[in-house]
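Working notes, structure below.
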Amino acid sequence: MTPFDPVQDQRAFRTALGAYATGVTVVTVPSADGPIGITANSFASVSLDPPLVLWSPAKASKRFNYFSGAPHFAIHVLDSHQQECCNGFTKDRTAFSKLDWETGDHDVPLINGCLARFECTLDAEHDAGDHTILIGRVTRAQSRDGLPLLFQAGRFVSLKG
């Protein structure tokens, strides 16, 4: 491995970050424009007591204003068979038409068939460079057995079950 300065070589920094495989999520919020979703892989657990999770939308995203400060949102951990759902929300904030979904508490859109789902109330918001860290207090969660949709080095990868 060759060391590099991440400030001077952002491409190398991005490539190094891509070495880490991440699960794929879709985050949803209600809005005056209808239900909104965005694909995100910046999801992590924060605390068990209280139950907190985080995700980090890019400030440059055209959907950023829907999520920043949203009082309620849901994070959906995608199953390995949900790549089309992931791709849909990468391109279209309203990619709900081909999905099985329902409206939950506080009108938050909830996608069915996911590996796990976390319904959240915004607990904190922190500036973080070109992203914002949104911390959600989990008010309801559900999960099932299965294999996650994973992304690593710019491509989808899979686990052998």
Item to check | Selection count where residues are assigned to a strand (DSSP E or B) and either of a type in the set (A, V, I, L, M, F, W, C) or at positive phi (or both), scope segment 45-54 | outcome: 4
Next on the checklist: Could you tell me how many of the residues in segment 142-161 are in contact with a Leu (Cβ under 6 Å, 6 or more places away or on another chain), farther than 18 Å from SER45 by Cβ and outside any loop (DSSP other than H, G, I, E, B)?
Outcome noted: 1
Next on the checklist: Please verify whether SER47 is touching a Ser or Thr at 6+ places or on another chain (Cβ under 7 Å), at pLDDT 95 or above and among the polar types (S, T, N, Q), treating the condition exactly as stated.
Outcome noted: no
Checklist entry - When you go through THR94, THR121, THR132, THR139 one by one, which is the residue that is within 22 Å of SER31 (Cα to Cα), of a type in the set (Val, Ile, Thr) and outside any strand (DSSP E or B)? => result THR94
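Here are some residues: PHE64, PHE43. Which one is buried (at least 17 other Cβ atoms within 10 Å of the Cβ) and among the aromatic types (Phe, Trp, Tyr)?
Numbers: PHE64 fails: buried (at least 17 other Cβ atoms within 10 Å of the Cβ).
Unique residue meeting the criteria: PHE43.
Per-residue answers, yes or no, for (1) without any contact (Cβ under 8 Å) to a residue 24 or more places away in the chain; (2) not polar (S, T, N, Q):
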residue	(1), (2)
TYR20	no, yes
SER45	yes, no
LEU48	yes, yes
ILE75	no, yes
CYS85	no, yes
PHE89	no, yes
ALA95	no, yes
Checklist outcome for this item: Of the residues in segment 114-160, those that are within 30 Å of PRO6 (Cβ to Cβ), of a type outside the set (Lys, Arg) and without any contact (Cβ under 8 Å) to a residue 12 or more places away in the chain come to ALA124, HIS126, ASP127, GLY129
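Being more than 25 Å from ARG155 (Cβ to Cβ) and either part of a strand (DSSP E or B) or in contact with a Lys or Arg (Cβ under 7 Å, 6 or more places away or on another chain) (or both) is the filter here, so list the residues in segment 1-44 that pass it.
Taking segment 1-44 and keeping what is more than 25 Å from ARG155 (Cβ to Cβ), we get 3, 5, 7-8, 29-36.
VAL29, ILE36, listed by residue number.
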Checklist entry - Which condition does HIS106 not pass, out of (1) closer than 18 Å to PHE43 by Cβ; (2) part of a helix (DSSP H, G or I); (3) not small (Gly, Ala, Ser), if it passes all the others? => result (1)
Checklist entry - Is it the case that segment 99-110 has a residue that's surrounded by fewer than 17 Cβ atoms within 10 Å (Cβ to Cβ) and among the small types (Gly, Ala, Ser)? => result no
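The values are calculated or read from the model by the stated rules, or taken from the named source; none is laboratory data. All figures in this text were calculated on a predicted structure; none of them were measured in a lab. Counting neighbours? That spans all protein chains shown, and the Cβs are built from the backbone with ideal geometry, glycine included.
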